[in-house]
Each structure stands twice: as C-alpha cells, then as structure tokens.
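Here's the structure, in structure tokens; my notes come after.
What follows is calculated from the coordinates using simple rules that are stated; it is not laboratory data. Small disclaimer: the values here were computed from a predicted structure and weren't measured. No Cβ is skipped: glycine too gets one built from the backbone with ideal geometry, and neighbour counts run over all protein chains shown.
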Amino acid sequence: MQLRTLQMRMEHTEQEILEQIEQYMGKHQIAPTMRELSRLCISVSSTSTIKAYLDRLKEKGILHYEPKTPRSITLKKELPQAK
C-alpha cells in the first residue's frame, strides 16, 4: 500500500472517530468509552486500535483523555471539516 493511501485512510478513520465522539456526546451528554467507540466506528473494531487513534488525536491537540479513566474524552478543538 502506498504511503499516501495509508495516510488518507488514517485521516479518514480519525475523522470518523471524532464524528462518533461528537455525536455520542451530543446525544448522551457524556463521552463514549473506548469499547463503545469500537462498536460505533465502521473502520475500527478493536479497542486497542481506538486507543492508538485517540493517542494520535491527543498528540495533535484535538482531544484530551485520561488513560484508565472511562468517559474522560474531551474535544479541545472544533472538528476539521471533511474535504
């Protein structure tokens, strides 16, 4: 797989995760757990992969969460618009 294709797929998955977090929080007034995110996201089904994506988004400064603390996800920035 080409590097650019992989990067595009990862960006798409990040966007999907962010959208699911936003929708869940809007509906339930609390953040989803990693397990709930793995059920909601079409691109990712593993909680360890969800954690890896959350770590990437945290490094980018888009969200914050406390490891080993359920429902601690907070969005720090407005979601980037899909291209």
> For the chain, what is the charge dipole size about the Cα centre, in debye to the nearest 20, if Lys and Arg each add +1 at the Cβ and Asp and Glu each add -1 at the Cβ?
Replying inline: 120
> Relative to the longest principal Cα axis of the chain, at what angle does helix 3-28 sit, 0 to 90 degrees, rounded to 10?
Replying inline: 20
> When N counts the residues of the chain, how does its alpha-carbon radius of gyration compare numerically with 2.2 N^0.38 Å, as a ratio?
Replying inline: 1.04
>> Tell me the mean residue ellipticity at 222 nm calculated for the chain from its helices only (DSSP H runs of n ≥ 4, each -39500 (n - 2.57), averaged over every residue, nearest 500).
In response: -18000 deg cm²/dmol
> Where does each of 61-72, 39-50, 13-24 land if you order them by average Cβ count within 10 Å, highest first?
Replying inline: 13-24, 39-50, 61-72
> What angle do you read, to the nearest 10 degrees and between 0 and 90, between the alpha-carbon axis of helix 47-59 and the longest principal axis of the chain?
Replying inline: 90
